[in-house]
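Written out below as structure tokens is the structure these notes cover.
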Amino acid sequence: MTDLKKNIFQKVYIFETKRTAFELVLRIGSVIAALIAGALVFMSIIQKLLEQQTLDVFELFREETEIIRNNINEVLNTLYLEFPKYEVVVFATLTIISIVLVLIFIKNYKKIKNRVLWLQKYKQSH
Amino acid sequence: MEMPEKEVIRRIKNGEINYFSIIVEEYTPAISRYIKARLFQKLDVDDLVQNTMVSFYKAVSWFDESKQVLPYLFQIAKNELKMYFRSHKESVPLNEFVETDSDENDFYTEDFSAALSTLTKEQQTILELLHEGYSYQEIAKKCNRPLNTIRTIIRRTRLQVKKNYDRS
């Protein structure tokens, strides 16, 4: 390879290293951040339900089928009233965001993998 | 190029950067010749060629595969040349004299500046923009005039300056 071409690829290498590192950190970081945020919100939902003793309504399912059938609507209504709706919406949103981010990462995985492999190969040969 | 250009671009977009060497091998000579023909300082040719190819690589994610690569590279090279000329500009405003030691050169500069000073403000502005490396289209956009009008103005201005200079 002539000097000119070597210099071109050297500049491409420097640019691509920065870009790929930034993309990896951004993509993985955002997935982890969304998952952690989702987990925290989920934990706060459970904590709130425990404080309100809302989960006690599930003791109904220890009863006979007849009793469950007669009281299920009341149980569901109680759950609906006592569930922290705002936190549930946030949790659902974060879950959807996490899924979308993971799918985007999977879609771009091959591209990023090819870049990383080229960077490795270039570094080893120069 | 054995592989179609579209396929090469697609592979580069897919992260297979080694295919960029095909583009470099294929088009560097043409870009080199283009820049060499327009540059006085031949030492800077390689730098500009490198910048052109690297700029293309950076923009390849947005590059439309259905279009040809070479015209796009020429456009980038043109912009690189423009930036180069702007950064290496040693221009003197049209209403100032160029200072030299020789009396003969003073006389030349005085007459040339005198020839330029007979131009209208618009003509002077257009000549300045042309000297800075702007294309006719860019000048037309800046001055808010049709392209053909700019061409006519430049042609007439050049004739006028030559006529005034010859007269003096």
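The values are calculated or read from the model by the stated rules, or taken from the named source; none is laboratory data. Predicted model only: the values in this text are computed from it and were never measured. Every residue, glycine among them, receives a Cβ derived from its backbone with ideal geometry; neighbour counts consider all protein chains shown. Note: accessible area is taken over every heavy atom of the protein model, side chains too, but ligands, DNA and RNA are not part of it. Shrake-Rupley method; radii C 1.70, N 1.55, O 1.52, S 1.80 Å.
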With charges set only on the Cβ (+1 for Lys and Arg, -1 for Asp and Glu), what does the dipole of region B:115-168 come to about its Cα centre, in debye to the nearest 20?
240
Over both sides of the A-B contact, add up the buried accessible area with a 1.4 Å probe and give it to the nearest 100 Å².
1600
If you rank B:150, A:46 by how much accessible surface each has, with a 1.4 Å probe, what is the order from largest down?
A:46, B:150
Indicate the gyration tensor shape class of chain A (rounded, prolate or oblate), computed on the Cα atoms with a ≥ b ≥ c the square roots of the eigenvalues: a/c under 1.5 is rounded; otherwise a/b larger than b/c is prolate and the rest oblate.
prolate
Could you pull the accessible area for residue B:159 with a 1.4 Å probe, rounded to 10 Å²?
110
Provide the gained length on full extension for the span residue B:7 to residue B:152, in nm with one decimal, where the gain is 0.36 nm per separating residue minus the Cα-Cα distance.
47.8 nm
Probe 1.4 Å, accessible area per residue of chain A, Å²:
72
Mind giving me the nanometre distance, one decimal, between the label points for residue A:120 and residue A:79, set 7 Å out from Cα along Cα→Cβ?
4.8
Note every residue of region B:6-22 with a reduction of at least 20 square angstrom in accessible area, all protein chains present versus the isolated chain, computed with a 1.4 Å probe, or write none.
B:13, B:14, B:15, B:17, B:18, B:20, B:21
Which of the GluC sites (Glu not before Pro) found in region A:2-98 are in a DSSP loop and have at most 10 neighbouring Cβ atoms, other than their own, within 10 Å?
A:64
Accessible heavy-atom area order of A:115, A:27, highest first, probe of 1.4 Å
A:27, A:115
Protein accessible area in region A:42-126, 1.4 Å probe - carbon and sulfur %:
61
So the angle from the long Cα axis of helix A:3-52 to the longest Cα principal axis of chain A, reported in degrees to the nearest 10, equals 10
Between residue A:40 and residue A:99, what's the calculated FRET efficiency when r is the beta-carbon distance and R0 is 30 Å? Round to 0.05.
0.95
Shape verdict for region A:6-54, please, from the Cα gyration tensor: rounded (a/c under 1.5), prolate (a/b greater than b/c) or oblate.
prolate
Cα-centre dipole for the protein assembly as shown with unit charges at Cβ (Lys and Arg positive, Asp and Glu negative), debye to 20:
1120
Counting only helical runs of four or more DSSP H residues, what would the 222 nm mean residue ellipticity of the protein assembly as shown come to if each run contributes -39,500 (n - 2.57) and the total is spread over all its residues?
-26500 deg cm²/dmol
Per residue, how many Å² of accessible area does region B:12-65 show with a 1.4 Å probe?
48
Solvent-accessible area of residue B:56, probe 1.4 Å, all protein chains present, reported in Å² to the nearest ten, please.
0
C-alpha long axis of helix A:65-82 to longest principal axis of chain A, angle in °
60
Förster radius 41 Å - calculated FRET efficiency between residue A:23 and residue B:86, Cβ distance, rounded to 0.05
0.80
Solvent-accessible surface (1.4 angstrom probe) belonging to residue B:83, in square angstrom, nearest 10
110
